[in-house]
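J.: My questions will all concern the structure given below.
The values are calculated or read from the model by the stated rules, or taken from the named source; none is laboratory data. Small disclaimer: the values here were computed from a predicted structure and weren't measured. Positions of Cβ are generated from backbone atoms using ideal geometry, with glycine treated the same way; all protein chains shown enter the neighbour counts.
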Amino acid sequence: MSRTLRVALMTSADRARWDAFVATCPEATFCHLSGWQRVVEEGGGHPTWFLYAEDEGHISGVLPLAEVRSRLFGHALVSLPFCVYGGIAAADDRARNVLLGAAEELAAQRGVGHMELRAMSGVPDGYGKRDLYYTFRRPITPDPEKNLMAVPRKQRAVLRKALQAEFRAEVGTDWERCYRLYAHSVHRLGTPVFGRRLFQVLVEEFGECAEARIVTLNGRPLSAVLSFRFRDQMLPYYGGGLESARKGANDFMYWSLMNDAAARGCTLFDFGRSKLGSGAFAYKKNWGFTPQPLAYHHRLVRARSMPATNPSNPRYALLIRAWKLLPLAVANRLGPYLARYLG
């Protein structure tokens, strides 16, 4: 007779064994760590339900979920806001199926419009899939010359020129300087910026594996990236800078991060997700990374269709142009009220 799996909500007492499971589960990602509960709740202002399946006292699957409710952008149960990855990480199909069933029950109880699971692969039966986001991941080695030769010739020439400049990388946990440079970057794109509290909680929660890298030229900060190490992977997560950073500082920043990570034992560089057709998508391809489609999938609950919150949607073109015209100080003050629903 098969055993019945128990589904429960993670409490503070469960965090250590939750993370122990994530550390060894092949399907699990940085975005499945228990610390994201605090990040989403305190940094984003959304209630969470971190579900786990238990088999005779041992965790066999996890599913972090958060409820995002907005008059403008709809009402959803998401795994997980502010995360590149998410969905179910399980040891077997039994755990996967019981967690999916529990999530569907929770979505119905909360009365959401839809549920979205940001998985790296696999789409359950009865779920729709959005072909919008791609991830860029590639092995790296401790040999900088081999990493350099993996970059296509045209971008390699750009990178060699950047390496000849007098850029310097300052590495630490200075999330505030990182945030200021990131805010400049997203404002140029016409995108609302996340709140400062999100960056602060990320560094507080993942301090041992968090890194803020600031690139300067003659002492002037030009670009920055907030990155995280997970197992043998390095993930540059929030990056940006001044307009002038596009003239070598960004290239130097990612190159120095890649090689420093490899020197510390990382074997995979995760360049993160980008939207198909975006400038970031093209930039990462230029570095020689192969785009891999993400299996973001959804199930409608009360809604009749998925909300079209993609910035590429023509209906948002006027708003994006108007946002770019706002003074930076005004955009930084207003942005977090919108961005928390767009993570």
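J.: Could you tell me whether the stretch 50-59 includes any residue that is of a type outside the set (A, V, I, L, M, F, W, C), surrounded by 21 or more Cβ atoms within 10 Å (Cβ to Cβ) and not in a strand (DSSP E or B)?
T.: no
J.: Further, regarding this structure: State yes or no: is G265 in contact with an Asp or Glu (Cβ under 8 Å, 6 or more places away or on another chain), among the small types (G, A, S) and loosely packed, with under 14 Cβ neighbours inside 10 Å?
T.: In short, yes.
J.: May I pose another question? Taking the stretch 168-223, which residues are among the charged types (D, E, K, R), farther than 25 Å from V40 by Cα and either part of a helix (DSSP H, G or I) or touching a strand residue (DSSP E or B) at 6+ places or on another chain (Cβ under 6 Å) (or both)?
T.: Passing the criteria: R168, E170, R188.
J.: Among the candidates W287, W323, which residue alone is modelled with pLDDT under 95, in contact with a Pro (Cβ under 8 Å, 6 or more places away or on another chain) and over 30 Å from G101 (Cβ atoms)?
T.: Step by step, each of W287, W323 is checked, and only W323 is modelled with pLDDT under 95, in contact with a Pro (Cβ under 8 Å, 6 or more places away or on another chain) and over 30 Å from G101 (Cβ atoms).
J.: Sticking with this structure for a sec: Considering only residues of the stretch 1-42 that are modelled with pLDDT of 95 or more and of a type in the set (S, T, N, Q), which is surrounded by the most Cβ atoms within 10 Å (Cβ to Cβ)?
T.: Filtering first and then ranking leaves T29.
J.: A further question on this structure: Can you find, within the stretch 250-281, the residue that is nearest to L217 (Cα to Cα) among those that are modelled with pLDDT of 95 or more and among the aliphatic types (A, V, I, L, M)?
T.: M253
J.: Could you grab me the full set of residues in the stretch 299-317 that are surrounded by fewer than 13 Cβ atoms within 10 Å (Cβ to Cβ), among the aliphatic types (A, V, I, L, M) and either at pLDDT 80 or above or not in a helix (DSSP H, G or I) (or both)?
T.: Residue satisfying the conditions is A308 alone.
J.: Looking at D19, is it assigned to a helix (DSSP H, G or I) and free of Cβ contacts under 8 Å to residues at least 24 places away in the same chain?
T.: So D19 passes the test.
J.: In the same structural domain as A102 (by TED's automatic domain parsing), surrounded by 16 or more Cβ atoms within 10 Å (Cβ to Cβ) and at pLDDT below 95: is that true of R340 in this structure?
T.: No.
J.: On to the next question. Could you please find all residues in the stretch 133-143 being at pLDDT below 95 and over 19 Å from the mean Cα position of the chain (by Cα)?
T.: The answer is none; no residue qualifies.
J.: Scan L242, L222, L217 and give me the residue that is touching a Ser or Thr at 6+ places or on another chain (Cβ under 9 Å), at pLDDT below 95 and more than 21 Å from H32 (Cβ to Cβ).
T.: Sole residue among the options that is touching a Ser or Thr at 6+ places or on another chain (Cβ under 9 Å), at pLDDT below 95 and more than 21 Å from H32 (Cβ to Cβ): L242.
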